[in-house]
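Structure first, commentary second.
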Amino acid sequence: MKIFATQLHILPKDDKTHVNVCFDVPDGLKCLTVRTSYAPKYEYDEKSCIDLIDKGLAMQDIAQELTYEDKRRCIPLANHIAWSLHDSEKNLGTEHRHAPDQTHIISQSYASNGFLPTTIKQGKWTLTASINGMVTKFIDILVEVNGYQEDLDYPTFDGYGEEYTTNDSKDGCRSWQRVEMHCHTVASDGDMQPKELVQNAIKRGYKAICLTDHNTTSNVDEVKRYGEKYGLVVAGGIEWTTFWGHLTVLGGNSDIDWKSITPSNINANIIRARQLGNIVTLAHPKRIGSPLCMGCHNRFKITNWDYVTSYEVWSHYNPNLSPANKYAKQEWISLLDKGYRVCALYGYDWHAPDEGGPSYAYTYLGIDGKLSQDSICSAVEYGRSYITMGYEVYISLTDGAKTYGIGDEINVGRYMLCINAKKCEDYPYDSILEKIIVTGNVCEEKTFDFRGSEIKQEIFIGDNGYLRVEGVGKTQGESADVFIASPIYVKEVML
């Protein structure tokens, strides 16, 4: 039966806003379909597109120039609308694929990508159109809602393999585990079904992944079930995908409605997420994006970095060669210099299997005890991480009585610094480590040639601050960072 139908006429003043459509659902239904259709999708006019691109670039805070030809390659520009659904009691999730014509299905046994299955409750429901990016002079939207007293035929998925992995972490021990920190499924704009993501992660040698679909947690439980079956640890999370920037929130404890997040309340929402027990990471903060839609580039004014646990120093493809990531690294170092303790992470922002595509990096986390969602969050909380183009790295400081590592806090004094690295046998890309650099604000910078053997160096630390280690060399024939480790921190000297 037809429950509801309406049309919306969206104008440029509605860009970067949430437009709500309310409708009443009668009793006795087992399934709803919500069709959303909008036009036009694209802007083709070259002058209009170039003007919009220039306007978008003017809001970025990086000195990355695009030539006229670079801008022309972005044409046509696309309108982007995401859809969220709220029944009479709770948020059911968000669809983030931006296709102009879609039919969303909700029932107790099945829900379309991005939404949670639920019993169809009588009452007032709300469909929200989030206008992430508007590039045309108007958008006409059609919404149609139909109800059914019987279930429909729902799709099934399988055939992605039966690969297993082993969790070799142990209680009472610290181990360094390969973890992908930023993954998507078909629940948002990814191409992988839950089982497919788990199988591909195992094939890449990950021991754990963090699921961070855009503005929905609808696939977290299913990905965790497949993870448990095949031995892969899955940490549940979400990517707050706002008009002004993206943050990943891990831990599954957030009660924050992403649609309520604005530049004026972002700091309060980060604090709230942390108080609930989550870790909060600034995602791909310097990426230009569409280049003017979706909030990929961070424009939030974060005023208290004490509540931000981590920062995507590297993100996406070819991370150590990306100009955007060079600016991200600079900002991360500036935060360390100001005294903030912010963990360095790599987020592949994994959307598709794309084997054989552009290069990616690894994040290794120092896990205390068994690898789990809680121990992943704890490792990030205490800054036990390094990001790498295919090298396993071992860094320690010893004073003769105790040994310290990445993320630890040490006293002023004299230490033996030990650094070693070895190439991951399964890393599929060309990467050569040539030099290791010891830097920070507590010692003079030192550079060592790396010849495959352990580097040992006595070092005196006489002030509070931080010490960090990075490796440089070549990837794909270009000079670049090969690994970056989070700092070892030095306790404040008491006068």
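The values are calculated or read from the model by the stated rules, or taken from the named source; none is laboratory data. Note that the structure is predicted; figures quoted are calculated from it, not measured. Glycine also receives a Cβ, built like all others from the backbone with ideal geometry; neighbour counts cover every protein chain displayed. Just so you know, the surface numbers come from the protein's heavy atoms only, side chains and all, with ligands and any DNA or RNA stripped out. Shrake-Rupley method; radii C 1.70, N 1.55, O 1.52, S 1.80 Å.
Only residues that are not in a strand (DSSP E or B) and not basic (Lys, Arg): list them for region 401-424, please. If you could, list the steps in order and put the result at the bottom.
Taking region 401-424 and keeping what is not in a strand (DSSP E or B), we get 401-402, 405-408, 411-412, 424.
The answer is ALA401, GLY405, ILE406, GLY407, ASP408, ASN411, VAL412, CYS424.
Is it true that VAL438 is open to solvent by less than 70 Å² (accessible area, probe 1.4 Å) and in a strand (DSSP E or B)?
yes
Table: residues versus (1) among the aliphatic types (A, V, I, L, M); (2) closer than 20 Å to GLU196 by Cα.
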{"residue": "ASP354", "(1), (2)": "no, yes"}
{"residue": "TYR360", "(1), (2)": "no, yes"}
{"residue": "GLY369", "(1), (2)": "no, no"}
{"residue": "ASP374", "(1), (2)": "no, no"}
{"residue": "VAL380", "(1), (2)": "yes, no"}
{"residue": "GLY390", "(1), (2)": "no, no"}
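For region 169-212, name all the residues that are open to solvent by 10 Å² or more (accessible area, probe 1.4 Å), in contact with a Lys or Arg (Cβ under 8 Å, 6 or more places away or on another chain) and part of a loop (DSSP other than H, G, I, E, B).
Selection gives LYS170, ASP171, ASP189, GLY205, LYS207.
Residues that are of a type outside the set (Lys, Arg) and over 20 Å from ILE3 (Cβ atoms), at least 3 per element: which strands (runs of 3 or more DSSP E) completely within region 84-152 meet that?
Qualifying strands (runs of 3 or more DSSP E): 123-133.
Scan region 220-231 residue by residue and report those that are more than 17 Å from LYS90 (Cβ to Cβ) and either of a type in the set (D, E, K, R) or touching a helix residue (DSSP H, G or I) at 6+ places or on another chain (Cβ under 7 Å) (or both).
Result: GLU222, VAL223, LYS224, ARG225, TYR226, GLY227, GLU228, LYS229, TYR230.
Mind checking which pairs have a first residue in region 158-170 that is under 10 Å from LYS195 (Cα atoms) and a second that is loosely packed, with under 12 Cβ neighbours inside 10 Å, Cβ under 6 Å, 6 or more apart or different chains?
none
Residues to consider are LYS229, LYS259; find the one that is outside any loop (DSSP other than H, G, I, E, B), touching a residue at least 60 places away in the same chain (Cβ under 8 Å), surrounded by fewer than 24 Cβ atoms within 10 Å (Cβ to Cβ) and basic (Lys, Arg).
Residue meeting the stated conditions: LYS259.
For region 23-39, does any single residue satisfy the condition of being more than 26 Å from TRP125 (Cβ to Cβ) and either open to solvent by 60 Å² or more (accessible area, probe 1.4 Å) or in contact with a helix residue (DSSP H, G or I) (Cβ under 7 Å, 6 or more places away or on another chain) (or both)?
Within region 23-39, not a single residue is more than 26 Å from TRP125 (Cβ to Cβ) and either open to solvent by 60 Å² or more (accessible area, probe 1.4 Å) or in contact with a helix residue (DSSP H, G or I) (Cβ under 7 Å, 6 or more places away or on another chain) (or both).
Which of the residues spanning region 68-87 are under 18 Å from VAL19 (Cα atoms) and open to solvent by 50 Å² or more (accessible area, probe 1.4 Å)?
The answer is HIS86, and nothing else.
Could you grab the pairs with beta carbons closer than 7 Å, sequence gap of 6+ or different chains, first residue in region 265-280 and farther than 12 Å from LEU247 by Cβ, second one hydrophobic (A, V, I, L, M, F, W, C) and at pLDDT below 95?
ARG272/ILE256
Listed here are the residues, each with its yes/no results for (1) among the basic types (Lys, Arg); (2) free of Cβ contacts under 8 Å to residues at least 24 places away in the same chain; (3) surrounded by fewer than 23 Cβ atoms within 10 Å (Cβ to Cβ).
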site	(1), (2), (3)
ASP354	no, yes, yes
ALA379	no, no, no
TYR382	no, no, yes
ALA401	no, yes, yes
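Being of a type outside the set (D, E, K, R) and over 24 Å from GLY252 (Cα atoms) is the filter here, so list the residues in region 335-385 that pass it.
The answer is LEU335, LEU336, GLY339, TYR340, PRO353, GLY356, GLY357, PRO358, SER359, TYR360, ALA361.
Looking only at residues in region 356-371 that are out of contact with any Lys or Arg (no Cβ under 9 Å at 6 or more places or on another chain) and surrounded by 16 or more Cβ atoms within 10 Å (Cβ to Cβ), which one is modelled with the lowest pLDDT?
If we take residues in region 356-371 being out of contact with any Lys or Arg (no Cβ under 9 Å at 6 or more places or on another chain) and surrounded by 16 or more Cβ atoms within 10 Å (Cβ to Cβ), then SER359 is modelled with the lowest pLDDT.
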